[in-house]
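A quick write-up on the structure given underneath.
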Amino acid sequence: MSDIASSANTASLHAESFHAESFKEMLRDKNLKSTPQRIAILHQIQKSGHISVEDIYSHIKKLHPSISLATVYKNVATLSEADILREVKAPTQKQKYELASDKHIHVSCEKCGKLQDVHVDVGELLGSVMYKTGYELSDVSAVFIGVCAECAKAQAKNRQ
């Protein structure tokens with residue numbers, strides 16, 4: 001199984017392991033109030049993997065009709081500042097968010113926009129970059145851009 005495929009399976013396993021009580025504990029550990037809106041936001045991000053604030057809002061609005069887009073933005077910002085969420089910035093896509101779990105990089109399909117986790121030795125990558133640049137690094141945020149297998153297959157089919 002490839003690293004990408006295994007990372008998708010691992011992500012779904014991690015996602016399923018979180019539930020409302022885990023989210024409440026996560027919030028408590030960061031001295032944040034556990035509100036139904038925050039739990040719903042975390043659950044939607046867990047369910048989606050990588051999701052924009054606007055998409056979170058469209059899903060949450062069904063469960064919490066009184067919630068505003070501004071409230072979702074404010075809560076996502078608070079959860080990001082508390083290192084519960086991590087921003088994923090892929091070129092040509094809206095900014096997305098994921099649960100901050102293990103360190104990993106991403107691949108993004110320039111055709112369909114799919115964004116996937118790739119688990120690599122981030123420590124080795126950081127060490128190599130620090131050695132080459134002299135920077136003291138603490139984290140990595142990388143998105144590799146290309147064409148996913150499904151889109152490549154469709155492209156090849158269209159060329160025939």
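One table, with the values for the structure above:
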quantity	calculated
Residue 66 accessible area, assembled protein chains, probe 1.4 Å, Å²	110
Residues whose placed amide H lies under 5 Å from that of residue 105, excluding near-sequence neighbours	118, 120
DSSP beta bridges in the stretch 99-160 [antiparallel fraction, %, rounded to 5]	50
Distant-in-sequence amide H partners of residue 51 (H built 1.01 Å from N, under 5 Å)	97
In Å², nearest 10: area of residue 25 left accessible to a 1.4 Å probe	100
Under the Karplus curve 6.51 cos²θ - 1.76 cosθ + 1.60, θ = phi - 60°, whole-Hz ³J(HN,Hα) for the stretch 146-160, x wherever Gly or Pro sits	x, 10, 5, 4, 5, 5, 4, 4, 5, 4, 4, 5, 5, 6, 6
Solvent-accessible heavy-atom area per residue, rounded to whole Å², over the chain at 1.4 Å	63
Lysine pairs in the stretch 95-160 with Cα atoms under 15 Å, if 8 or more residues apart or on separate chains	4
With every protein chain in place, the chain: carbon and sulfur % of accessible area (1.4 Å)	53
Of the GluC sites (Glu not before Pro) in the stretch 101-160, those whose Cβ has at most 11 other Cβ within 10 Å and which sit in DSSP loop	136
Estimated inter-spin distance, residue 54 and residue 87, nm [label 7 Å along Cα→Cβ]	1.7
Descending semi-axes in Å of the stretch 69-160, equivalent ellipsoid built from Cα gyration tensor	28, 22, 10
P(r) histogram, all alpha-carbon pairs of the chain included - 5 Å bins from 0, percent	1, 8, 16, 18, 18, 15, 11, 7, 3, 1, 0, 0
Exposure of residue 144 as accessible area (Å², to 10), given a probe of 1.4 Å and all protein chains	120
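The values are calculated or read from the model by the stated rules, or taken from the named source; none is laboratory data. Remember, it's a predicted structure, so these values are computed and weren't measured experimentally. Every residue, glycine among them, receives a Cβ derived from its backbone with ideal geometry; neighbour counts consider all protein chains shown. Note: areas computed on protein heavy atoms with side chains; ligands, DNA, RNA excluded. Shrake-Rupley method; radii C 1.70, N 1.55, O 1.52, S 1.80 Å.
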